[in-house]
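Working notes, structure below.
Values in this text are rule-based calculations from the coordinates and carry no lab data. Here the structure is a predicted model, which means the values were calculated and not measured. Glycine also receives a Cβ, built like all others from the backbone with ideal geometry; neighbour counts cover every protein chain displayed.
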Amino acid sequence: MTARVPVLIAGGGPVGLATALELAHHGVASLVVEPREEVSWLRPRAKTTSARTMELFRRWGVADAVRDAAALPVSWSDEAVFTTGLLGREITRFRGCFGLDLAGDDLAAEAGQQIGQPAVEQVLREAVAASAHAELRTGWTVASLTEDDDGVTALLSGPGGAAEEMRSDYLVGADGAGSTVRRAIGAVYEGAADERPNFNIVFRAPGLADRVPHGPAVHYWVLHPGRPGLVGRLDLDDLWWCIAQGVGQEEGEADPLGLVRALVGADIDAEIDAQIVATDPWKAKMLLADRYGTRRVFLAGDAAHLNPPWGGHGFNTGVGDAVNLGWKLAAVLSGWAPPALLDSYEAERRPIAARTIEEAARNMATLAPELADPRLAGTGAEFAAARPAVARAVQETKDAEFHSLDLVLGYTYRGTPLVTGPAGGRLEHRWLAPGDSLFDHLGRGFTLVGDLEQPEAEEFMKAAAAENVPLHPFHHPPAALALVRPDQHVAWSATGGSPADPRAVLRRAVGRA
């Protein structure tokens, strides 16, 4: 007998798990299948969870768990330091990086968080395990799928050659760059790859932190002309990561400890007891799927887009996909929105991914090799002569990489099919009291925020009842009346200038227009 589930999710990385949690947030069941039995801790991959992603985690009640799991507390540092080596001379630095300084700021309900992707995955796995609606099945993959008018039939492949047929109303492909789901629906990546190689190394170095003269930092950019790259901490004990830029797999695997030694700027064999934990060669990719889905099968995360890591936007963009798609699937499956609502997923999320790829590629245009001046490694006088020009170049070319809240918090769905007028951005955040965020008062469906004594407010409530759209009222007189979607984006606002037809606005917001 074929098993059934409302939503089948291929891939249990952070994006697949986030999709399951968003569906669970709305009371919709899902099954996530993931080939890895355990989270892999050797390769941390993404290290920056953005302020926006932390806000979304807050909606599911997991933001505190993510912070508790982070080896680097958010208060530890919000700076990036550019040096001639981890133990070398400082050239310049940035402060307020990646939204790590936003704790308590009206701008966001959550600050960003430095945390390795495996730790985030583990928290999300535990949240799925605790959910009454989501299930994670490890050791299994989606081997093939067939879509018809009424749903999707997938063949699941499990341990020891086990196989099972699974029927679902919808299927989400969050199965990464090599996505089986993307191939099954005939979607293809468009774009290019950067041919410059990079070599990641995770290493242990007890006592190294005590010798760093630059203080705490999110990471340290090494502008040494002989070995440019980055170094950063994975915990406050002795675990570190580094990226040797311009180093291919063969060279990197031949002497990873030598690469670490060059980036640190010390003979770590003799002076520091260091141990290589893991290595990972890679090249940056700028790829975007030509389409995001069919009627019943959708792509999210790396299955839909890949961007260079510079700026820390990778998996954060995928979590945005998960929330956008998740609330829409839930609305359709719960019966208060038509299937046409799902057409807006690609219209809203694909341009965001395209913009993110462009910004990350712009950040990648100037890396450590382009910034390294040979005089930086010379005498004190040579360093002093070169430093001002290099510092200016760093500040001019890298500022957007560390200060990107216009993209992280400011992206908008303005002009897309569900939005009326000039709305579409994320609801402007406010703290109502210490620890009490305006976002905490939003409903799981739509929310009408603002002065509810305005005549339009009653009309919106009547329209919602007539259209069977869940609408939660929250009286907040300082704000202009606004219709807020389940993803905290504004579908309509009184600041748009034209009077609203509440029923028309609601019908448009749920894909009925």
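Rank-order 298-306, 245-253, 417-425 by packing density, defined as the average count of other C-beta atoms within 10 Å over each peptide's residues, highest first. Don't skip to the answer; put the middle values down first.
On the way: 298-306: 28.9, 245-253: 16.1, 417-425: 20.1.
With the highest mean Cβ count within 10 Å placed first, the list reads 298-306, 417-425, 245-253.
Place a point 7 Å from the Cα of E37 along the Cα-to-Cβ direction; which residues of region 120-163 have their backbone N under 12 Å from it?
So the set is 138-140, 159-160.
Using the Cα centre of the chain as origin and beta-carbon charges of +1 (Lys, Arg) and -1 (Asp, Glu), tell me which of L483, P256, H219 is placed farthest towards the positive end of the dipole.
Farthest towards the positive pole: L483.
Where both partners of a DSSP beta bridge lie in region 431-509, what percent of those bridges are antiparallel, to the nearest 5?
60 percent
Can you put S40, S50 in order, fewest other beta carbons within 10 Å first? If you can, show how the numbers build up before the last one.
Values: S40 12, S50 29.
Ranking S40, S50 by Cβ neighbours within 10 Å, fewest first, gives S40, S50.
Assuming a ≥ b ≥ c are the square roots of the Cα gyration tensor eigenvalues, decide whether region 346-431 counts as rounded (a/c under 1.5), prolate (otherwise, with a/b larger than b/c) or oblate. List each step's numbers first, then the result.
Values: a/c = 5.59, a/b = 2.82, b/c = 1.98.
Judged from the Cα gyration tensor, region 346-431 comes out prolate (a/c at least 1.5, a/b above b/c).
To the nearest 20 debye, what is the magnitude of the charge dipole of region 431-509 about its Cα centre, counting +1 on the Cβ of each Lys and Arg and -1 on the Cβ of each Asp and Glu? Numbers along the way, then the final one.
On the way: 6 positive and 10 negative charges, 66 e Å.
Here region 431-509 has a charge dipole of around 320 debye.
What FRET efficiency, computed as 1/(1 + (r/R0)^6) with R0 = 30 Å and r the Cβ-Cβ distance, is obtained for A480 and A340, rounded to the nearest 0.05?
Details: r = 29 Å, r/R0 = 0.96.
Taking R0 as 30 Å, the efficiency between A480 and A340 is 0.55.
Please list 3J(HN,Hα) in residue order for region 156-170, calculated via the Karplus relation 6.51 cos²θ - 1.76 cosθ + 1.60 where θ = phi - 60°; whole Hz, with x for glycine and proline.
9, 10, x, x, x, x, 5, 9, 8, 8, 10, 9, 9, 5, 9
What shape does region 431-509 take by its C-alpha gyration tensor, where a ≥ b ≥ c are the square roots of the eigenvalues and a/c under 1.5 counts as rounded, a/b above b/c as prolate, and the rest as oblate? Each step should come with its number before you reach the end.
Numbers: a/c = 1.84, a/b = 1.43, b/c = 1.28.
Prolate.
So what J values fall out for region 338-354 if you push phi through Karplus, 6.51 cos²θ - 1.76 cosθ + 1.60 with θ = phi - 60°, rounded to Hz, Gly and Pro as x?
Result, rounded to whole Hz: x, x, 4, 4, 5, 5, 6, 4, 5, 4, 8, 8, 5, x, 5, 5, 4.
Return H133, H441 ranked ascending by Cβ neighbour count within 10 Å, so the fewest neighbours appear first.
Values: H133 18, H441 14.
By the 10 Å Cβ count, ascending: H441, H133.
Which angle between 0 and 90 degrees, to the nearest 10, do you get for helix 117-130 versus the longest principal axis of the chain when only C-alpha atoms count?
Roughly 30 degrees between the two axes.
Sorting check: for 357-364, 93-100, 385-392, which peptide has the highest mean count of neighbouring beta carbons within 10 Å, and how do the rest follow? It would help to have the intermediate numbers written out before the result.
Numbers: 357-364: 18.9, 93-100: 21.4, 385-392: 15.0.
By packing density, highest mean first, the sequence is 93-100, 357-364, 385-392.
For a footprinting-style exposure proxy, rank D238, D406, D501 by other Cβ within 10 Å, fewest first.
D406, D501, D238
Lysine pairs in the chain with Cα distance under 24 Å, only those 8 or more apart or on different chains: how many are there?
Numbers: K47/K283; K47/K285; K47/K398; K283/K398; K285/K398; K328/K462.
Value for the chain: 6.
How far apart, in nm, are the 7 Å Cα→Cβ label points at A71 and R196?
Distance between the two pseudo-spin positions: 2.7 nm.
Sort 156-165, 200-209 by packing, meaning the average of other beta carbons within 10 Å per residue, with the highest value first.
On the way: 156-165: 12.1, 200-209: 18.9.
By packing density, highest mean first, the sequence is 200-209, 156-165.
In deg cm²/dmol, rounded to 500, what helix-only [θ] at 222 nm does the chain give when every DSSP H run of at least 4 residues adds -39500 (n - 2.57) and the total is split over its residues? Write out the running numbers ahead of the final one.
Values: 14 runs with 156 residues, N = 513.
Rounded to the nearest 500, the figure is -9000 deg cm²/dmol.
If you place +1 on the Cβ of every Lys and Arg, -1 on the Cβ of every Asp and Glu, and leave all else neutral, what size is the dipole of the chain about its Cα centre, to the nearest 20 Debye?
Numbers: 47 positive and 67 negative charges, 152 e Å.
So the magnitude is around 740 debye.
Estimate the FRET efficiency between K283 and A130 by the formula 1/(1 + (r/R0)^6), using the beta-carbon distance for r and 35 Å for R0, to the nearest 0.05. It would help to have the intermediate numbers written out before the result.
Working: r = 38 Å, r/R0 = 1.09.
Computed FRET efficiency for K283 and A130 comes out at 0.40.
Need one number: % antiparallel among DSSP beta bridges in the chain, to the nearest 5.
Approximately 70 percent, going by the DSSP bridge assignments.
Just grab the label-to-label distance for H403 and T2, each label 7 Å out from Cα along the Cβ direction, in nm (one decimal).
5.6 nm
Of P351, P338, V323, which is farthest along the charge dipole of region 252-363 in the positive direction, counting Lys and Arg as +1 and Asp and Glu as -1 at C-beta?
Comparing the listed Cα positions along the dipole, P338 ranks first.
Measure off 7 Å from each Cα along the Cα-to-Cβ vector at A365 and A385, then give the distance between these two points in nanometres to one decimal.
Distance between label points: 3.0 nm.
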